[in-house]
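The structure appears right after this line, and notes come after that.
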Amino acid sequence: MVSEDIEAVVEDTELPRRLKDDVYSTIEAKGVGVEDADRIAKAVESRYMDTRVDPLDPVGTVSAQSIGEPGTQMTMNTFHYAGVAEIDVTQGLPRLIELVDARKTPDTPMMTVHLDEEYADDRERAHEVVWKIEATRILALGDISTNVADMLVQIDLNEDTLLERWPTVNDTEAIAEEIAETIESNLGVQTRQAGTVIEFGPEEPSYRDLLQLVEELRDIVFKGIEEISRVVIRKEETDNGEEFVLYTEGSDFGEVLGIEGVDASRTTCNNIHEIYRSLGVEAARETLINETMNTLEEQGLDDVNVRHLMLVADIMTNEGTIESIGRHGISGSKDSVLARAAFEVTVNHLLDAAIHGEVDELDGVTENVIVGKPIKLGTGDVDLRMGTSQD
Amino acid sequence: MSSQQTPQEIGQLSFGLMDPEEYREMSATKVITADTYDDDGFPIDMGLMDPRLGVIDPGLECKTCGKHSGSCNGHFGHIELAAPVIHVGFAKLIRRLLRGTCRECSRLCLDEGEREEFSDQLQRSRDLGRDLNDVTKAAIRQARKKDRCPFCGEKQYDIKHEKPTTYYEVQQVLAADYPDRIAEAMEESDERIAPTDLAEETGIDSGRVQEILSGEFRPRQDDRRALEKALSVDLTEEDMNKLMPSDIRDWFEDIPDEDIEVLGMNPERSRPEWMILTVLPVPPVTARPSITLDNGQRSEDDLTHKLVDIIRINQRFMENREAGAPQLIIEDLWELLQYHVTTFMDNEISGTPPARHRSGRPLKTLSQRLKGKEGRFRGSLSGKRVNFSARTVISPDPTLSLNEVGVPERVAREMTQTMNVNERNLDNARRYVANGPEGHPGANYVRRPDGRRLKVTEKNCEELAEKVEPGWEVSRHLVDGDIIIFNRQPSLHRMSIMAHEVVVMPYKTFRLNTVVCPPYNADFDGDEMNMHALQNEEARAEARVLMRVQEQMLSPRFGENIIGAIQDHISGTYLLTHTNPQFNETQALDLLRATRIDELPEADGVDDTGEAYWTGRTLFSELLPDDLNLEFTSSAGDTVTIEDGEMTSGTIDEDAVGAFGGEVVDTIAKDYSKTRARILVNEVSALAMRSIMHFGFSIGIDDESIPRPAEEQINDAIDNAYDRVEELIETYERGDLESLPGRTVDETLEMKIMQTLGKARDSAGDIAEDHFDDDNPAVVMAESGARGSMLNLTQMAGCVGQQAVRGERINRGYENRTLSHFEEGDLSADAHGFVEASYRSGLSPKEFFFHAMGGREGLVDTAVRTSKSGYLQRRLINALSELETQYDGTVRDTSDTIVQFEFGEDGTSPVDVSSSQDEAAVDVEQIADSVLNEEFESEKQKESFLGQRTERTNLSEHADDWWMAEGDD
């Protein structure tokens, strides 16, 4: 490590943490004395100060433009991969709009599930997790036939599938029993089970009820998480070797985190609200930044500075909850009546303002444009004028 | 004139409802006649155009303030409504109030505890800036649950609201013909029920049943229920008692102030009864001017038309009421009056037919004037039309500096700048005035010290010029060197509006240097741009220092230069440096003639004939600063090395000098100065133009042709792919095709076919590429990054490839086939839009059709995209526009809420730092090396390295000589 004296000179600078660490590692690698270290730190500091944002810079508008402008270059209807060709994901402008709108559910919810060490290396064990996540419905387990003569629904379970999906149980009959129980509790019918064949019918013979039962049977989830319709398993390169990663179609972040074998620290989801519910605003903000950046990168617009995305994510999460950008979120909750009226639904805002006896203090940008005063941003925020007297 | 008054600044705006008494007080006159003008064309007294309401005709005098049209803002009048009417905008609130307050004592039906709770909630919402209506709604919901008023105990009834403005009180009462209907129900039962049976079944005394049936006795509630149950009919009827606006007004008048506060209303500013109008304000004439048509007829404004309707109905109402007309007629008229007042406020209420003009066009009334893009708020308040602006077509002019703009003389003569005449500029000022408004550096107006403004005309200019003295103001024409603002819509980022220095030119277009096309996203296929002449010194100074093109060189989006060489400039530098050709003295001087270099460096060598030569790289190096060191990979693929301002190897192409992050330009703009970068870009483009002219550069159809054998090779490759597709289809049809995980077999087949055909296109491209020379112009352009890509070339020479709609092969058209030329269910390549031909060989009709399908999708996509992304941008800007960094480094909005403690977590400006990950914002390693190796030539340089850098100011193109002389370069 570096000496205390060096630490003192470096810590004395106004550098951010990351740069200080950079300086330390450089100093250590080059093995320089305190004097040189001081000069290096000073030089780095002055270079850093050069690149700092100017005070009173209208960074909001700049960030908004920097995200809006590439929007014109994005494509509308690209689906297809998010690294995995098997899963379709909304991309491009529609996805960007979706993120900024803070929709409750995305058009194509998905999750990237990382696994704990002991599960990540072994395909078999990874599959164990897959079956815990993927919703297993009756169609995946066997064939259904309806016997109209006896008013019965017959399920012929496929033994291989059962063993595959219940890797911890080795007895097909036991599994079938479990399935039968699930059916009973869900449909409220009596079942008869013989080996891997399950039979049941409506209480009173009715053709309609029979069909109704079959319909309902299809919707029962026997295993896994209801929202997740499909899981794709993929081998991925990491810094230390390879590991299996799961990609899901549909998402239920809170549920998945509780499943054994899932590495909760690396698992992500593209639904910001689910992240918010499970992990809080800071995580939601981070996801918002990552998702926006990925969307832009996918369109070849990876040159957009992350700082702009950060600002957007920060304003969306500033209240402690996720607010959308637009009439129902940030723009609709502005203090100024005029600013809200000038954005959307003009008349309603004016009428409401009258009822509540609101007062517009004229602090913002739009209001001041309207009343014809200089706005309080950039050069308009400076009250310094050149004096006339010459001393 | 009122302009002599000092302009007042608006401090704050308060909103509220208006007391009818206040209307009457501020009214200039009561309006009673629906007529506007009399036969002589004079406004009628107490009519809608009463001269007390303001004047619009020139020459007339306002009877209220005595001013003339133009300076009189107009005055409100009023109409006394014969009966109160509801204000549509508050219809929902009125409903809420009716439901939440007692019908008897008008108090809010909430007990003390609830009141306090909602008051607290309200205060919290107010403090947090949340929507107050949510709390109000909850309070009303709570109040509505009460069956009886907690204060006076009166039973509460439900309120039914019939949109837009009718309210009913719903009471459960018996129908008037109850006995008849009971009897009827008894008849209709399966077996006729005798009254005695009924009595038995319901347990009601049979005598009482008889009485009920004869209508002598009204049954009590439980009896009624029993009766109805026995007969299995439901005869309860809701009695709808219509609440007239006057009733509502009386009701609201009694609501105490403290109850209103619980509902979030401010009782001082807005009493609820004021939501029911008894007096209608009449907007001043100036807000609804009438226009005189060519034939002398007057055409009135929509608002006036509406007011006429209101007054007419109002009159009729009063007459009818005085004459004692039946209630029915009165109610009809009341409703009609309500309709007219409603549509006067808002003519787009759902469920109400909009009031129409005689021609059938819906009238534009108050709401419509405010709403939407062209409405008052967005159209006239947030965005205004301005003076001193010009718009015309743009065209390129490479001889201008990128900071300049060529302004047509005609524009320069209209746009003026104010000169404050003093001893020093007196001669100039007089010269301008003497030139008059028609001569070029002339003047349009002068203003004497006494404030009198005189127009300079051809006739008086000479005479006026002599009178000009210090203290006068002269509005002179634009001249070379003036600063103006230049803009191209859509203004998507801040580089869409930049300041330029004027160069007055003949003809009628604005002239730009081509290197500013990328920031404006302009081309010259008919684009038009706007110019704004700045009108005060503060604005001009800001424009010069902050907005000039060179100051906007670095884009804040990606932190690299957005201005740089484009298209032919890049081809030019590529030709100049790629093979590093040699030039003799004349040629070398010719290449550099448009730059500031007027002396050649030492020759690179002597050729076979003994003549000295200079290489392309040497010539290019002349433009670089002497101490520039740089190494990077060019887009052509080789490594560019620049040592001490000498380029020793590599190719200068898009990655070096191009717009969007050209390495050389970017480095110079950041490490040297923007001025130096501007000089470089100007000179690079000039050198490149000379270079491309030296070598000659053109592209023709022959440049895309490939030899016969290559063509056959391509055909083979494509045939090969066809065979493989056939194979795939066969496997599929046999049912042997194995599906990819998570895909159906059909999808798998599609994907595999797409893949195969994609490969075929690529290999066709590879074959074609092999047969192009390195000096093929299309290859030069693609490789240097000037324009086009190898893919474009592949499509021209090799094979166009698969056409796609929505990311899939073309599958639409007829049932199970794309065109009637194919068999149903044909899965082959050519039946689904694979274009085998190249653009050069020409497409077959079928191919052409598929190609057009793909092309159409692109067009639709663009059209949809522009509107979507435009709205996204508007929302983003609106949400973020108030954010600003403070002196303490935090990012706050204008109400001082902190959004970030440090912009982007480290406070680094996105302009100065490239956003590409592999490039650190501050290169500690390199700085450390420089410090340790003492790479400084002088103490001064060392100091400047350790301390903060300041860029030397350069305010004008015309100050360049001085700027260069000051520098070390």
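The values are calculated or read from the model by the stated rules, or taken from the named source; none is laboratory data. Treat the numbers as computed from the prediction; the structure is a model and nothing was measured. No Cβ is skipped: glycine too gets one built from the backbone with ideal geometry, and neighbour counts run over all protein chains shown.
Within the range A:144-188, can you find the residues that are touching a strand residue (DSSP E or B) at 6+ places or on another chain (Cβ under 6 Å), more than 17 Å from residue A:201 (Cβ to Cβ) and not in a helix (DSSP H, G or I)? Of everything in the range A:144-188, those that are touching a strand residue (DSSP E or B) at 6+ places or on another chain (Cβ under 6 Å), more than 17 Å from residue A:201 (Cβ to Cβ) and not in a helix (DSSP H, G or I) turn out to be A:157, A:158.
I'm trying to understand the selection: among the residues of the range A:41-52, which are under 16 Å from residue A:7 (Cβ atoms) and either more than 7 Å from every other protein chain (Cβ to nearest Cβ) or free of Cβ contacts under 8 Å to residues at least 12 places away in the same chain (or both)?
The answer is A:41, A:45.
When residue B:74 is tested against (1) on the phi > 0 side of the Ramachandran plot; (2) surrounded by fewer than 21 Cβ atoms within 10 Å (Cβ to Cβ), just one condition goes unmet, and that condition is (2). So is residue B:355 touching a strand residue (DSSP E or B) at 6+ places or on another chain (Cβ under 9 Å), of a type in the set (Gly, Ala, Ser) and modelled with pLDDT under 90 or not? Answer is yes for this residue. Does residue B:162 qualify as being acidic (Asp, Glu), at pLDDT 70 or above and over 30 Å from residue A:318 (Cα atoms)? Against the criterion (acidic (Asp, Glu), at pLDDT 70 or above and over 30 Å from residue A:318 (Cα atoms)), residue B:162 qualifies. The residues listed here are A:361, A:323, A:319; of these, the one that is acidic (Asp, Glu), in the same structural domain as residue A:289 (by TED's automatic domain parsing), surrounded by fewer than 18 Cβ atoms within 10 Å (Cβ to Cβ) and modelled with pLDDT of 85 or more is A:319. All of B:510, B:558 fail the test of being of a type outside the set (A, V, I, L, M), in the same structural domain as residue B:437 (by TED's automatic domain parsing) and touching a residue at least 24 places away in the same chain (Cβ under 8 Å), apart from B:510.
Looking at residue B:830, is it more than 14 Å from every other protein chain (Cβ to nearest Cβ) and of a type in the set (Asp, Glu)? Considered against the rule, which asks whether it is more than 14 Å from every other protein chain (Cβ to nearest Cβ) and of a type in the set (Asp, Glu), residue B:830 comes out as yes. Taking first residues from the range B:130-144 that are within 12 Å of chain A (Cβ to nearest Cβ) and partners that are assigned to a helix (DSSP H, G or I), the Cβ contacts under 6 Å between residues at least 6 apart in sequence or on separate chains come to B:132/A:356; B:132/B:125; B:135/B:121; B:135/B:122; B:135/B:125. The set of residues in the range A:281-312 that are within 15 Å of residue B:904 (Cβ to Cβ), among the aliphatic types (A, V, I, L, M) and more than 10 Å from chain B (Cβ to nearest Cβ) comprises A:288, A:289, A:293.
Say whether the condition of being part of a loop (DSSP other than H, G, I, E, B), surrounded by fewer than 14 Cβ atoms within 10 Å (Cβ to Cβ) and in the same structural domain as residue A:205 (by TED's automatic domain parsing) is met by at least one residue in the range A:81-101. No - not one qualifying residue is present in the range A:81-101.
For the range A:340-356, a residue qualifies if it is more than 8 Å from every other protein chain (Cβ to nearest Cβ), more than 15 Å from residue B:130 (Cβ to Cβ) and surrounded by 19 or more Cβ atoms within 10 Å (Cβ to Cβ), and exactly one does: A:344. In the range B:739-764, the residues that are assigned by TED's automatic domain parsing to the domain that holds residue B:828 and outside any helix (DSSP H, G or I) never reach a residue that is modelled with pLDDT under 80 and crowded, with 19+ Cβ neighbours inside 10 Å with C-beta atoms less than 6 angstrom apart, at least six apart or across chains.
Looking at the range B:61-81, which of the residues that are modelled with pLDDT under 85 and part of a strand (DSSP E or B) is nearest to the other protein chains (Cβ to nearest Cβ)? Filtering first and then ranking leaves B:68. When the range B:537-555 is filtered for residues that are within 14 Å of chain A (Cβ to nearest Cβ) and touching a residue at least 60 places away in the same chain (Cβ under 8 Å), the ones remaining, listed by number, are B:543, B:544, B:545, B:547, B:551, B:554, B:555.
Yes or no, residue by residue, for (1) out of contact with any Gly (no Cβ under 6 Å at 6 or more places or on another chain); (2) free of Cβ contacts under 8 Å to residues at least 24 places away in the same chain; (3) loosely packed, with under 13 Cβ neighbours inside 10 Å; (4) aromatic (Phe, Trp, Tyr):
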{"position": "B:284", "(1), (2), (3), (4)": "no, no, no, no"}
{"position": "B:287", "(1), (2), (3), (4)": "yes, no, no, no"}
{"position": "B:291", "(1), (2), (3), (4)": "yes, yes, yes, no"}
{"position": "B:305", "(1), (2), (3), (4)": "yes, no, no, no"}
{"position": "B:311", "(1), (2), (3), (4)": "yes, no, no, no"}
{"position": "B:316", "(1), (2), (3), (4)": "yes, yes, no, no"}
{"position": "B:322", "(1), (2), (3), (4)": "yes, yes, yes, no"}
{"position": "B:328", "(1), (2), (3), (4)": "yes, yes, yes, no"}
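Filtering the range B:336-377 to residues that are loosely packed, with under 14 Cβ neighbours inside 10 Å and more than 13 Å from chain A (Cβ to nearest Cβ) leaves B:350, B:351, B:353, B:356, B:357, B:358, B:359, B:360, B:361.
If you go through the range A:10-40 and keep only what is crowded, with 19+ Cβ neighbours inside 10 Å, more than 7 Å from every other protein chain (Cβ to nearest Cβ) and more than 21 Å from residue B:905 (Cβ to Cβ), you end up with A:27, A:37, A:38.
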